[in-house]
Amino acid sequence: MSKQVQVVYHSGYGHTERQAKAIAEGIDAEDGVGATLVPVDELADTEAPAWAMLDSADAIVMGGPTYMGSVSAALKQFMEASSARWMEQRWAGKLAAGFTTSGSQNGDKQNTLLQILTFAAQHGMLWINLNQLPGNNSSSGSVEDPNRLGASLGAMAQANIDEGPDVAPPAADLETARRFGTHIAACVKRWH
Ligand SMILES: Cc1cc2nc3c(=O)[nH]c(=O)nc-3n(C[C@H](O)[C@H](O)[C@H](O)COP(=O)(O)O)c2cc1C
């Protein structure tokens with residue numbers, strides 16, 4: 001049976017959804033591992049079947065937009081709703097990873113990833129880093145480089161605030177997300 005990765009995400013306007021879908025594509029590209037996209041709305045009811053899918057997943061990848069320098073309220077609601085699982089440490093030993101999209105180049109995205117990482121640590125989960133060298137950081141670099149935003153903790157994307165999710169985030173950030181997904185899938189196979 002293939003290994004299962006649940007990609008839990010919030011997206012107010014569709015930009016982070018594109019990033020989440022690219023991560024799922026990358027996961028699905030690895031043989032023997034499958035991704036399921038889980039919009040946080042599906043987890044609003046703590047009795048919803050999507051929670052049981054998280055319990056049985058081999059890894060949970062979590063992400064959302066950076067709003068006011070932190071995770072969005074909808075993603076935070078999911079985090080707090082998971083507290084019954086935390087009490088039992090039901091997700092301990094499960095793999096975890098994080099991602100976020102913001103409007104600004106920096107936009108305080110690091111704080112969002114740190115919040116998701118801290119959340120995973122509270123649950124006793126094992127964190128998967130981005131595992132990509134920074135791009136766009138030398139005279140021969142370009143904004144088209146994968147990991148152009150130079151993240152390490154997880155996947156970052158930037159979407160111009162006057163562009164819709166049909167064109168933003170740009171291809172480089174979606175490629176970063178795809179590669180991250182494939183790395184997550186490889187980690188799942190190695191760990192399990
Ligand atoms: C309430 C709100 C707060 C925001 N705060 C930030 C911020 O702190 N830093 C930033 O760079 N962009 C910020 N943005 C811009 C969003 O991060 C950006 O538009 C992102 O692409 C939205 O992703 P989404 O379409 O998945 O919701 C904010 C947007 C909103 C609506």
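Nothing in this text is a laboratory measurement; each read-out follows from the coordinates by a stated rule. Keep in mind that this is a model prediction, so the values were computed, not measured. Ideal geometry is used to build each Cβ from the backbone, glycine not excepted, and the neighbour counts take in all protein chains shown.
Here are some notes:
- Placed amide H near Asn147: partners under 5 Å, 5+ positions off or other chain: Thr176
- Cut-off of 10 Å, at most 16 other beta carbons, DSSP loop: longest stretch of the chain lacking such GluC sites (Glu not before Pro): 48-143
- Cα-based shape type of segment 1-75, given that a ≥ b ≥ c are square roots of the gyration tensor eigenvalues and the cut on a/c is 1.5: oblate
- For the chain, share of DSSP beta bridges that run antiparallel, in % to the nearest 5: 5 percent
- Take every Cα pair under 8 Å whose residues are at least 6 apart in sequence, average their separation, divide by the length of segment 1-68, and the relative contact order is 49 percent.
- In Hz, Karplus ³J(HN,Hα) per residue of segment 38-50 (6.51, -1.76, 1.60; θ = phi - 60°; x = Gly, Pro): 10, x, 4, 4, 5, 10, 4, 8, 5, 9, 5, x, 4
- Whole-angstrom gap from segment 1-67 to segment 156-192, using each part's C-alpha centre: 13 Å
- 15 Å beta-carbon shell around Val143, net charge (K/R +1, D/E -1): -4
- The Kirkwood hydrodynamic radius of segment 3-191, based on inverse pair distances between different Cα atoms, is 16.2 Å.
- Relative contact order of segment 3-191: 28 percent, from C-alpha pairs under 8 Å at least 6 residues apart in sequence.
- Near the amide H of Val38, within less than 5 Å, lie the amide hydrogens of Val7, Val8, Tyr9, all on another chain or at least 5 residues away, with H placed in the peptide plane.
- Residues whose amide H comes within less than 5 Å of that of Ala157, counting only those at least five positions distant or on another chain, are Thr100, Thr101, Ser102 (H built at 1.01 Å from N in the peptide plane).
- Full extension of the chain between Gln89 and Val167 yields a length gain of 24.1 nm, computed as 0.36 nm times the residue separation minus the alpha carbon distance.
- Note that segment 66-175 carries a Kirkwood radius of 15.0 Å, evaluated over its alpha carbons pair by pair.
- With R₀ set to 45 Å, the beta-carbon distance separating Asp31 from Met68 gives a calculated FRET efficiency near 0.65.
- Within the shell of other residues whose beta carbon sits under 12 angstrom from the beta carbon of Asp166, the net charge comes to -1, with Lys and Arg scored +1 and Asp and Glu -1.
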